[in-house]
């Protein structure tokens with residue numbers, strides 16, 4: 001007997017949503033905190049962690065489906081984070097969180113480069129639109 005299983009592959013959507021949320025958070029932060037820079041934002045904000053957390057799936061079916069498709073990438077991100085031994089009950093969910101956080105970190109670095117190349121914070125914010 002054969003069974004067909006459908007997996008909702010929404011990983012890229014989750015990463016894209018997280019990036020958009022980070023971009024919006026940075027724009028809001030810079031509008032409210034004149035004269036700050038990306039380092040100040042990073043030091044004073046828990047946004048990267050909160051955004052990664054809010055875009056990590058919570059249902060086992062979503063976690064297991066994504067893990068089936070991207071397990072190697074998630075395990076690599078988990079190892080890179082150095083936060084456990086992989087034997088935790090929620091290892092798969094944490095590995096997905098690590099992957100999303102890693103992707104956000106890369107995007108943050110791109111934004112940091114754009115900020116340093118901009119003539120002003122205002123120009124940087126306009127470039128985010």
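Quick one: would you say residue 83 is under 27 Å from residue 112 (Cβ atoms) and not in a helix (DSSP H, G or I)?
Yes: the conditions hold for residue 83.
Here the condition is being surrounded by fewer than 17 Cβ atoms within 10 Å (Cβ to Cβ), at negative phi and touching a helix residue (DSSP H, G or I) at 6+ places or on another chain (Cβ under 7 Å); of 81, 95, 77, it holds for 81 alone.
Which pairs turn up if I take residues in the range 6-23 that are closer than 16 Å to residue 97 by Cα and look for partners that are in a loop (DSSP other than H, G, I, E, B) with beta carbon separation below 6 Å, at least 6 apart in sequence or on another chain? So the pair list comes out as 14/55; 17/55; 18/55. One residue stands out among those in the range 106-122 that are exposed (fewer than 13 other Cβ atoms within 10 Å of the Cβ) and within 16 Å of the chain's Cα centre (by Cα): the one that is farthest from residue 46 (Cα to Cα), which is 110. When the residues of the range 13-66 are narrowed to those that are assigned to a loop (DSSP other than H, G, I, E, B) and modelled with pLDDT of 90 or more, which ends up surrounded by the most Cβ atoms within 10 Å (Cβ to Cβ)? The extreme case among them is 55.
The values are calculated or read from the model by the stated rules, or taken from the named source; none is laboratory data. Since this is a predicted model, take the numbers as computed values, not measurements. So basically every Cβ, Gly included, is an ideal-geometry build from the backbone, and we count neighbours across all protein chains shown.
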